[in-house]
Amino acid sequence: MKVGVVDTTFARLDMGKIVANEIADTWADIIVVKRTVPGIKDLPVACKLLLADCDICVACGMPGGAEKDKVCAHEASTGLIQAQLMCEKHILEVFVHEDEASSEKDLVKIVEDRCRKHAHNAVYIIKQPQRLRDNAGSGKRQGGQDKGSINH
Amino acid sequence: MKVGVVDTTFARLDMGKIVANEIADTWADIIVVKRTVPGIKDLPVACKLLLADCDICVACGMPGGAEKDKVCAHEASTGLIQAQLMCEKHILEVFVHEDEASSEKDLVKIVEDRCRKHAHNAVYIIKQPQRLRDNAGSGKRQGGQDKGSINH
Amino acid sequence: MKVGVVDTTFARLDMGKIVANEIADTWADIIVVKRTVPGIKDLPVACKLLLADCDICVACGMPGGAEKDKVCAHEASTGLIQAQLMCEKHILEVFVHEDEASSEKDLVKIVEDRCRKHAHNAVYIIKQPQRLRDNAGSGKRQGGQDKGSINH
Amino acid sequence: MKVGVVDTTFARLDMGKIVANEIADTWADIIVVKRTVPGIKDLPVACKLLLADCDICVACGMPGGAEKDKVCAHEASTGLIQAQLMCEKHILEVFVHEDEASSEKDLVKIVEDRCRKHAHNAVYIIKQPQRLRDNAGSGKRQGGQDKGSINH
Amino acid sequence: MKVGVVDTTFARLDMGKIVANEIADTWADIIVVKRTVPGIKDLPVACKLLLADCDICVACGMPGGAEKDKVCAHEASTGLIQAQLMCEKHILEVFVHEDEASSEKDLVKIVEDRCRKHAHNAVYIIKQPQRLRDNAGSGKRQGGQDKGSINH
């Protein structure tokens with residue numbers, strides 16, 4: 001099985017590398033193909049091109065905190081969903097907004113946690129979907145602590 | 001007839017299970033297929049994949065209350081509509097926003113009511129469309145009490 | 001000629017019935033097919049399905065006044081435009097926002113006026129396009145009094 | 001060569017007529033086909049239908065000043081871009097927002113200027129693309145005075 | 001290899017010329033084809049038409065600072081992403097918002113820097129993708145100084 005990973009030169013951390021390493025460290029049999037594009041709006045077509053040959057893609061990006069950057073992220077997300085519908089394959093979006101953390105140190109923590117957890121999610125989708133079904137409604141979070149299910 | 005139900009690991013309640021149980025309890029002859037994805041933006045392609053084999057899908061999610069979460073919900077909804085147009089089959093969106101209720105207890109009530117009522121709607125669409133026609137303009141609500149028709 | 005009319009169980013008035021009656025009362029030779037879906041986001045695919053067999057559709061809905069409802073209306077509208085482009089047939093959107101009127105009585109007036117006028121527009125599009133061309137730039141309004149052309 | 005012109009009964013000036021006359025007055029050999037639809041959201045499919053036979057379309061509309069009208073304009077614009085991509089032909093959008101001017105007299109001026117200039121642009125695109133290339137980055141404006149290039 | 005460059009008559013600087021010259025000065029073997037359209041909303045279809053024959057496009061525009069202009073930019077961006085997905089080729093968006101700088105002099109600097117850097121990015125994508133991969137997560141910026149990677 002083959003996972004495509006696309007990241008950007010805009011991001012301030014090599015997010016794709018974290019995803020690729022996490023997959024390689026956990027599943028020896030999964031091939032990872034990595035591409036890099038300038039910014040997040042270039043991710044949708046890059047993923048679509050990779051999906052010709054890959055079973056799933058992970059699209060990594062780090063939008064800035066300004067209003068314009070939020071609009072860019074929205075456009076990129078919309079395109080990623082469209083690409084999935086055209087390819088009939090999943091693309092996991094791993095975006096970390098620069099304003100999610102108050103310090104660079106915290107931003108790194110969020111990036112690493114989100115990238116690693118979504119690396120696992122990507123493989124679960126194509127290889128072990130039962131792992132996701134077992135966690136339906138369990139309040140999973142990527143980039144921080146799980147919120148957990150509501151007791152009732 | 002076959003109903004696809006997709007929910008998320010992000011949600012804090014197993015919404016898909018409520019939908020699936022409601023259908024199983026009410027119609028013994030309807031087959032339910034359940035899938036789980038990480039978050040709401042993963043729902044559109046998951047539904048499109050299920051619709052290859054199902055007559056309708058129910059897409060369940062629980063977006064958070066932050067501004068970013070509202071944008072995610074908008075992107076997911078747009079994708080769900082697009083998926084329907086591509087497949088020419090219905091996908092009922094069952095989203096409960098975390099900020100719709102002021103307590104966890106109330107949130108559970110909303111989730112259960114909305115899931116159950118839309119489980120019925122899904123089956124009506126594919127099996128008993130007259131049930132919906134009979135209620136045109138009757139102010140039905142899912143997640144709370146019906147508002148009813150305006151008297152005139 | 002055949003006109004598809006789709007409305008919702010969410011609306012608080014049977015909008016589709018007003019449209020269907022208006023057409024039946026005015027043009028004896030037009031066949032009207034009516035469908036009902038739960039909410040406005042279900043309209044696009046319902047219209048697309050009807051357009052396989054109809055010459056035009058009228059999509060009726062009554063979005064609530066909350067911010068979330070406005071987003072739903074935007075998503076539904078976007079989907080209705082997409083459906084038209086895919087089918088190469090018109091869908092007339094007849095949405096009345098609950099907050100357009102300050103009383104239920106006024107809301108009923110708006111709904112009736114908008115439904116009736118758009119019923120005529122639908123038939124003009126497929127049967128008497130000259131009626132529309134004759135009124136180009138004439139400030140027509142549905143749901144209230146026409147604004148008229150600007151004198152110059 | 002054939003130019004499609006679509007306008008609305010909602011607008012308060014016969015915008016399509018201004019565009020059609022401007023083309024007829026300037027280029028005797030260009031055929032103009034005119035259609036009228038109720039509102040701006042009906043423009044995308046009307047243009048797509050015309051483009052089966054026309055080389056380009058001009059889509060005219062006059063959105064109101066309210067927040068809801070701005071959303072309508074956004075939906076129409078998005079649809080017009082989608083229609084172009086599906087047809088691989090240009091559609092020039094000529095929208096004048098009712099709140100662009102403080103008086104009806106000024107609004108008329110804006111409408112006439114924008115309609116006429118875009119009538120020329122439409123013909124340039126299909127017949128004299130060099131005219132546009134010669135003005136790249138020259139700060140052209142439709143509906144008012146050109147802003148011109150930045151001196152540097 | 002062939003790069004399509006599209007710019008607008010609306011922009012106040014000949015952005016396409018800067019991009020085209022930068023490519024010609026750096027890569028003698030790359031053919032550049034230039035087109036000009038009236039405004040940014042005309043870019044998506046113009047790029048799609050060029051991509052029939054080009055390996056990549058660069059879409060240049062200079063949206064104004066008003067709220068309406070920001071909506072136009074959003075619509076254009078959405079269309080550019082859609083065009084890429086339909087063509088399975090990249091389109092690099094090079095937009096400079098008029099309100100990004102406080103003086104015309106600064107605006108010129110931003111335009112020149114962004115155009116030149118994206119000219120290089122366009123060629124890297126089709127010819128030297130390794131150049132981008134080597135800079136994954138390195139905080140590259142176009143239009144100003146790079147932000148660089150976060151140290152960790």
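The values are calculated or read from the model by the stated rules, or taken from the named source; none is laboratory data. Quantities reported herein were computed from a predicted structural model and do not represent experimental measurements. Every residue, glycine as well, gets a Cβ built from its backbone with ideal geometry; the counts of neighbours run over all protein chains shown. What goes into the accessible areas is simple: the full protein's heavy atoms, side chains included, and nothing from ligands, DNA or RNA. Shrake-Rupley method; radii C 1.70, N 1.55, O 1.52, S 1.80 Å.
For this structure, a couple of remarks:
- When a 1.4 Å probe is rolled over the protein heavy atoms, the share of accessible surface on chain D that falls to carbon and sulfur comes to 47 percent.
- List of region D:59-78 residues, accessible area with partners at least 20 Å² below that of the chain alone (1.4 Å probe): D:68, D:74, D:75, D:77, D:78
- Take residue D:33, move 7 Å from Cα toward the beta carbon, and the resulting point lies 2.7, 2.7, 4.3, 4.3 nm from the same point in each other copy, nearest first.
- Solvent-accessible surface of chain E, taken per residue with a 1.4 Å probe and all protein chains present: 38 Å².
- Global geometry of region D:80-130, whether rounded, prolate or oblate, following the gyration tensor of its Cα atoms and the 1.5 cut on a/c: oblate
- Partnerless cysteines in chain D, where a partner means another cysteine C-beta under 4.7 angstrom, comprise D:54, D:60, D:72, D:87, D:115.
- Each of residue E:53 and residue B:131 was given a label point 7 Å from its Cα along the Cα-to-Cβ line. The distance between the two points is 5.9 nm.
- In order along region E:116-124, phi translates into HN-Hα couplings of 5, 5, 6, 4, 5, 4, 4, 5, 4 Hz, rounded to whole numbers, per the Karplus curve 6.51 cos²θ - 1.76 cosθ + 1.60 with θ = phi - 60° and x for Gly and Pro.
- Sequence of C:7, C:69, E:99 from largest to smallest accessible area, 1.4 Å probe: E:99, C:69, C:7
- Histogram of C-alpha separations across region E:104-152, 5 Å bin width, %: 5, 19, 22, 24, 16, 9, 5, 0
- Largest accessible area first, the listed residues A:35, E:12, C:133 line up as A:35, C:133, E:12 when surface is computed with a 1.4 Å probe on the assembled protein chains.
- Region A:1-36-region D:21-63 distance, computed between alpha-carbon centres (Å): 49
- In this calculation the C-beta distance from residue B:67 to residue D:24 is compared with R0 = 56 Å, giving a FRET efficiency of 0.65.
- When the surface is traced with a 1.4 Å probe over the full set of protein chains, residue C:127 keeps roughly 80 Å² accessible.
- Here the dipole of region E:103-147 is about 180 debye; that uses its Cα centre as origin and unit charges on the Cβ of Lys and Arg (positive) and Asp and Glu (negative).
- Take each peptide in A:145-152, A:119-126, count the other Cβ atoms within 10 Å of every residue, and average; sorted highest first, the result is A:119-126, A:145-152.
- Dipole in debye (nearest 20) - region B:15-64, about Cα centre, beta carbon charges: Lys, Arg +1; Asp, Glu -1: 280
- Note: the protein assembly as shown, Cα convex hull, 160 Å³ per residue.
- When the surface is traced with a 1.4 Å probe over the full set of protein chains, residue D:67 keeps roughly 130 Å² accessible.
- Rh (Kirkwood; distinct C-alpha pairs) - region E:1-98, Å: 13.3
- Principal axis dimensions, region D:51-139 - Cα atoms, whole angstrom, descending: 36, 28, 25
- Residue by residue, region E:135-145 carries 3J(HN,Hα) couplings of 10, 4, x, 9, x, 5, 10, 10, x, x, 6 Hz when phi is fed to the Karplus relation 6.51 cos²θ - 1.76 cosθ + 1.60 (θ = phi - 60°); x denotes Gly or Pro.
- For region C:85-152, averaging the sequence separation of C-alpha pairs within contact (under 8 Å, six or more residues apart) and dividing by the residue count gives a relative contact order of 26 percent.
- Counting from the shortest, the label point at residue E:149, 7 Å from Cα toward Cβ, is 4.2, 4.2, 6.8, 6.8 nm from the same position in each remaining copy.
- Across chain E, the mean sequence separation of Cα contacts (distance under 8 Å, 6 or more residues apart), normalised by length, yields a relative contact order of 24 percent.
- A dipole drawn for region B:1-146 from +1 and -1 charges on Cβ atoms has a positive end, and of B:72, B:97, B:136 the residue lying farthest that way is B:136.
- Legend: residues in region D:101-133 shielded by at least 50 square angstrom of accessible surface upon adding the remaining protein chains to the isolated chain (1.4 Å probe, heavy atoms) are D:132, D:133.
- Amide hydrogen neighbours beyond the local backbone of residue E:34, cut-off 5 Å, H modeled: E:5
- Leading residue at positive end of dipole, region B:1-71 (Cβ point charges), from B:40, B:58, B:24: B:40
- 3J(HN,Hα) from dihedral phi, region E:12-24, Karplus parametrisation 6.51/-1.76/1.60, rounded to Hz, x for glycine, proline: 9, 9, 6, 4, x, 5, 4, 5, 4, 5, 4, 5, 4
- If only the Cβ of Lys and Arg carry +1 and only the Cβ of Asp and Glu carry -1, the dipole of the protein assembly as shown around its Cα centre is close to 880 debye.
- Each helix, a run of at least 4 DSSP H residues, gives -39500 (n - 2.57); summed and divided by the residues of chain D, these come to -15000 deg cm²/dmol at 222 nm.
- Separation of the alpha carbons by more than 27 angstrom is noted, of B:41/B:89; C:117/E:70; A:2/A:117; D:70/D:109; A:89/A:140, for C:117/E:70.
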